[in-house]
Ligand code: G3P
Ligand code: CA
């Protein structure tokens, strides 16, 4: 289940597991059941956001796969991280002289001609960019999906398109929600809130590279389920407050096993990592 804690239950959990001191709440009890979230798939061992990275995450028993949702020129939602494609594809060779290499300036047919694997390793040559629909088919019934609405500034309407895509996949929403296998997150407060208005039943998280203020946390707790902070700004007091307010926290991006253990013992709910096998291997 991806971190939707019913408010009264959350309060009970904090009462049982947290420690209240005169100085305020401190660390919750260690959480042995930390949710393991494969960042862009198992992107430490396969090219990020490709079918291969997602297949590796499923094989490694990650609880969730995290993806980055953008939109092609002709309106298809695709899974790609950077706003432009030079770093992880051969776009400059295949489409020389184009004025922009933004994902949103290419049709799906053009995006599907790109090699999104060779930059990582020649053994992945020809690995294509995939759509969000492809991702849903690949993860459905196998693992959870944590979809990030891209922060690339030139987009409008990704929350609406993502909600329509999820709703439009017959049976998927009900099935994923029943199994606790779906969540959406964004760095953009407006996008996260908009998505929440459209599909309030889907757990929604705000990504934050900074430590949120208490006032921000209280405001978020009115509608958000998760506060997903960068791991270095996450500490026991923050986690205790997030939990006290009935929310959860999936921290990112944590690749060092010692740091994973430390954060798990601090009480994080989920760890977003390029190497999920570090947490799932027994
Ligand atoms: O899921 C957290 C993480 O994905 C946020 O950063 O830049 O990798 O999308 P980024
Ligand atoms: Ca992301």
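Got a sec? Which of 182, 198 is modelled with pLDDT of 95 or more, touching a strand residue (DSSP E or B) at 6+ places or on another chain (Cβ under 9 Å) and either within 20 Å of residue 155 (Cβ to Cβ) or buried (at least 22 other Cβ atoms within 10 Å of the Cβ) (or both)?
182
Return a yes/no flag: does segment 218-241 have any residue that is without any contact (Cβ under 8 Å) to a residue 60 or more places away in the chain, closer than 30 Å to residue 168 by Cβ, in contact with a strand residue (DSSP E or B) (Cβ under 7 Å, 6 or more places away or on another chain) and away from ligand 1 (no atom under 16 Å from the Cβ).
Checking segment 218-241: at least one residue is without any contact (Cβ under 8 Å) to a residue 60 or more places away in the chain, closer than 30 Å to residue 168 by Cβ, in contact with a strand residue (DSSP E or B) (Cβ under 7 Å, 6 or more places away or on another chain) and away from ligand 1 (no atom under 16 Å from the Cβ).
Hey, any hits in segment 25-37 for a residue that's farther than 22 Å from residue 206 by Cβ, at pLDDT 95 or above and surrounded by 19 or more Cβ atoms within 10 Å (Cβ to Cβ)?
no
Looking at 79, 49, which one is within 25 Å of residue 259 (Cα to Cα), modelled with pLDDT of 95 or more, within 16 Å of ligand 2 (Cβ to nearest atom) and touching a helix residue (DSSP H, G or I) at 6+ places or on another chain (Cβ under 9 Å)?
Working: 79 fails: within 25 Å of residue 259 (Cα to Cα).
One residue alone meets the criteria, 49.
Any idea which of 2, 20, 13 is farther than 26 Å from residue 128 by Cβ, within 16 Å of ligand 2 (Cβ to nearest atom) and at pLDDT below 95?
Working: 20 fails: within 16 Å of ligand 2 (Cβ to nearest atom); 13 fails: within 16 Å of ligand 2 (Cβ to nearest atom).
The conditions single out 2.
Please state which of the following conditions residue 142 fails to meet, knowing it meets all the rest: (1) within 16 Å of ligand 1 (Cβ to nearest atom); (2) within 26 Å of residue 205 (Cα to Cα); (3) surrounded by fewer than 21 Cβ atoms within 10 Å (Cβ to Cβ).
(1)
All but one of (1) surrounded by fewer than 16 Cβ atoms within 10 Å (Cβ to Cβ); (2) touching a residue at least 40 places away in the same chain (Cβ under 8 Å); (3) closer than 22 Å to residue 202 by Cα hold for residue 174; which doesn't?
All conditions pass for residue 174, except number (2).
Can you go through 64, 106, 80, 95 and tell me which one is free of Cβ contacts under 8 Å to residues at least 40 places away in the same chain and buried (at least 20 other Cβ atoms within 10 Å of the Cβ)? Write out each step before concluding.
Working: 64 fails: free of Cβ contacts under 8 Å to residues at least 40 places away in the same chain; 80 fails: free of Cβ contacts under 8 Å to residues at least 40 places away in the same chain; 95 fails: buried (at least 20 other Cβ atoms within 10 Å of the Cβ).
The match here is 106.
In segment 177-193, what residues are under 18 Å from residue 216 (Cβ atoms) and free of Cβ contacts under 8 Å to residues at least 40 places away in the same chain?
186, 187, 188, 189, 190, 193
Considering only segment 198-205, I want to know if a residue exists there that is within 16 Å of ligand 1 (Cβ to nearest atom), within 21 Å of residue 144 (Cα to Cα) and in contact (Cβ under 8 Å) with a residue 40 or more places away in the chain.
Taking every residue of segment 198-205 in turn, at least one turns out to be within 16 Å of ligand 1 (Cβ to nearest atom), within 21 Å of residue 144 (Cα to Cα) and in contact (Cβ under 8 Å) with a residue 40 or more places away in the chain.
Within segment 206-217, can you find the residues that are under 16 Å from residue 270 (Cβ atoms) and without any contact (Cβ under 8 Å) to a residue 40 or more places away in the chain?
206, 208
With the checklist (1) away from ligand 2 (no atom under 16 Å from the Cβ); (2) more than 22 Å from residue 179 (Cβ to Cβ); (3) out of contact with any strand residue (DSSP E or B) (no Cβ under 9 Å at 6 or more places or on another chain) in hand, flag the one item residue 167 doesn't pass.
(2)
The values are calculated or read from the model by the stated rules, or taken from the named source; none is laboratory data. From a predicted model like this one, the values you see are computed outputs, not experimental measurements. Glycine gets a Cβ as well: all are built from the backbone with ideal geometry, and neighbour counts include every protein chain shown.
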